[in-house]
1. Hey, can you tell me all the residues within segment 289-310 that are under 18 Å from the mean Cα position of the chain (by Cα) and either in a loop (DSSP other than H, G, I, E, B) or basic (Lys, Arg) (or both)?
2. Report whether or not Ala24 is of a type outside the set (Ser, Thr, Tyr) and either assigned to a loop (DSSP other than H, G, I, E, B) or under 30 Å from Tyr320 (Cβ atoms) (or both).
3. Name the one entry in Glu378, Glu347 that is open to solvent by 60 Å² or more (accessible area, probe 1.4 Å) and assigned to a helix (DSSP H, G or I).
4. Restricting attention to segment 127-152, report how many residues are more than 26 Å from Arg90 (Cβ to Cβ) and small (Gly, Ala, Ser).
5. I'd like the full set of residues that are surrounded by 15 or more Cβ atoms within 10 Å (Cβ to Cβ), within 29 Å of Thr14 (Cβ to Cβ) and among the charged types (D, E, K, R), limited to segment 39-89.
6. In segment 125-133, is there at least one residue being open to solvent by 10 Å² or more (accessible area, probe 1.4 Å) and more than 30 Å from Ile267 (Cβ to Cβ)?
7. Restrict the check to segment 323-331 and report whether at least one residue is open to solvent by less than 10 Å² (accessible area, probe 1.4 Å), modelled with pLDDT of 95 or more and not in a strand (DSSP E or B).
8. On the given criteria, is Gly115 surrounded by fewer than 22 Cβ atoms within 10 Å (Cβ to Cβ), more than 21 Å from Gly155 (Cα to Cα) and touching a residue at least 24 places away in the same chain (Cβ under 8 Å)?
Amino acid sequence: MTPRRPVYLDNAATTRCSPEAATAVQRHLLDDFGNPSSAHELGARAGALLEKARRGLQRHLRARRARVVFTSGGTEANNLAIFGIARAHRRRHLLVSAIEHDSVLSPARALAAKGFDIETVPVDARGHVAPGDLIARVRPDTALVCVMHGNNEIGTLQPIAEIARGVHDRNRQTAVHVDAVQSVAWEVIDFDGWGIDSLSLSGHKLHGPKGVGALLVRERLVLDPLLHGGGQQAGLRSGTENVPGIAGLFAALTEVVSDRADAAERIRALRDRLVEGVLASVPGVVQQTGPNGLPHIASLAFPGVTGEVLLHHLESEGIYVSTGSACHAAAGEGSSVLEAIGAAPEELRATIRFSLSRETMADDIDRVLDTLPAAVEELRCLEA
């Protein structure tokens, strides 16, 4: 008997590498494997790929006035932006939204331990920052404002252009950093039009390889590097560039941008069918995802059930989901995002995040809707 296809709905944690991206990685592992700093032909070919990828990212992300710094992923990109900007300027005040990824919150806490004044900006019950409230908190000594574009747990989208314009009107010296790791695959990114100062992305969230990402940095913005050594990437990120990973990132980004609007519309419809089906068939479910956020994320709480237990029950049926951010799960921590939106304690322990990708099919949603109601009912009886 042929085993059923797994239903993978944990794409906010990582996506499967696309064949096009994998082929690009393999080519630069096996054929064009030179060091881009070398003077010979193989090095020149690797260097040409880096320049092509830089120009491609600038084009795809509407970032003609930005420098592209390739990193090991979104975490390093966020760390480089936060530490790099904070250490390069004499101002000591930072504003950070309450629902940032831990790769933003943890550097902020580290700076606080060094005497920086870190102020957390609250959000409403759907995770939205109030632009007026944030802008009013900008001070003469504010070095940096961090607001993610699309949240990785509940999918909330923020009005980045409005926030950046207001921040810069209040203090032109304050930089605005945007974590766009979750949104690049689904939303139009307009670095120049938004008027922001830096933006992070990661390959493995958009069907590229793990271990590669990028930080876009506005021209002339002073940034203190994290890594020192060979002076690669204009000294902003020393170390031999991960050419195979960068090739895979560029291939994946090119692929998702080519039909992003159509893919987002299809996936949003599948996500909505999943949510509507769960709400109709499982009593007492609490929906934490708003209607106008990222199209691929649905966060639902099942009071009376422990989220991790439900996760493993679904796993036994070949359905893969998560209880929220993979980083929080690995550390055994609760969700700071759900706490920030005021989720009740019972919701915190009972939340499941379903995150779709362009590979998700209608049959996958049918499998979940066929399996989930009975699973929740059984576990509620066992945990009662």
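1. Answer for segment 289-310, where residues must be under 18 Å from the mean Cα position of the chain (by Cα) and either in a loop (DSSP other than H, G, I, E, B) or basic (Lys, Arg) (or both): Thr289, Gly290, Asn292, Gly293, Leu294, Pro295, His296.
2. yes
3. Glu378
4. The total comes to 4.
5. Result: Arg54, Arg62, Arg67, Glu76.
6. Scanning segment 125-133, I find at least one residue that is open to solvent by 10 Å² or more (accessible area, probe 1.4 Å) and more than 30 Å from Ile267 (Cβ to Cβ), so the answer is yes.
7. Taking every residue of segment 323-331 in turn, none turns out to be open to solvent by less than 10 Å² (accessible area, probe 1.4 Å), modelled with pLDDT of 95 or more and not in a strand (DSSP E or B).
8. Criteria not met by Gly115.
The values are calculated or read from the model by the stated rules, or taken from the named source; none is laboratory data. This structure is a prediction, so every number in the text was calculated from the model and none was measured. For neighbour counting, all protein chains shown are included, and Cβ atoms are generated from backbone atoms with ideal geometry for every residue, glycine included. Keep in mind that these areas ignore ligands, DNA and RNA; they rest on the heavy atoms of the full protein, side chains included. Shrake-Rupley method; radii C 1.70, N 1.55, O 1.52, S 1.80 Å.
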